[in-house]
1. Is there a residue in the range 39-57 that is modelled with pLDDT of 90 or more, assigned to a loop (DSSP other than H, G, I, E, B), within 25 Å of the chain's Cα centre (by Cα) and closer than 30 Å to residue 103 by Cβ?
2. Counting just the residues of the range 4-22 that are modelled with pLDDT under 90 and in a helix (DSSP H, G or I), which one comes out surrounded by the most Cβ atoms within 10 Å (Cβ to Cβ)?
3. Which of the helices (runs of 4 or more DSSP H) contained wholly in the range 77-159 include at least 3 residues that are surrounded by 12 or more Cβ atoms within 10 Å (Cβ to Cβ)?
4. Please state which of the following conditions residue 110 fails to meet, knowing it meets all the rest: (1) over 13 Å from the mean Cα position of the chain (by Cα); (2) in contact (Cβ under 8 Å) with a residue 12 or more places away in the chain.
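The values are calculated or read from the model by the stated rules, or taken from the named source; none is laboratory data. If you're wondering where the values come from, they're calculated on a predicted model, not measured in any experiment. Cβ placement follows ideal geometry from the backbone for every residue including glycine, while neighbour counts extend to all protein chains displayed.
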């Protein structure tokens, strides 16, 4: 009888070992060197892929340990691709004086903003708005803990 080969067997998961700090550092150094040798366009594409992955990963988390605003994600991306906030604000027609309010989560991005970000960064506007809504729900539940506990369908039906 032939032994069934599992995917993990093929990639050698059974043979994994813990890496030392020195080995981790060496791998990081080699990855950084590979990244630095790439073209500017490839670097930006890599950064955008990471941005999209981070957004999707965060949106799919049932209950994240830390709330990350859409503005924080955006700020991180702008830093990585070296775009000044004022230039970005002007480009998407947000007042340069107010850009920090969007970045800090004090103002919410509109559907129009989400559509502009979708075109700029090739990320679904729906995902951006889901993250914003998710965060609003988390904050509302946290700040109003217990406020909605007395709402019960059985009580409503009894009225």
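1. yes
2. So, considering only residues that are modelled with pLDDT under 90 and in a helix (DSSP H, G or I), the one surrounded by the most Cβ atoms within 10 Å (Cβ to Cβ) is 9.
3. The helices (runs of 4 or more DSSP H) meeting that bar are 85-91, 99-103, 111-121, 125-143.
4. Just one mismatch for residue 110, condition (2).
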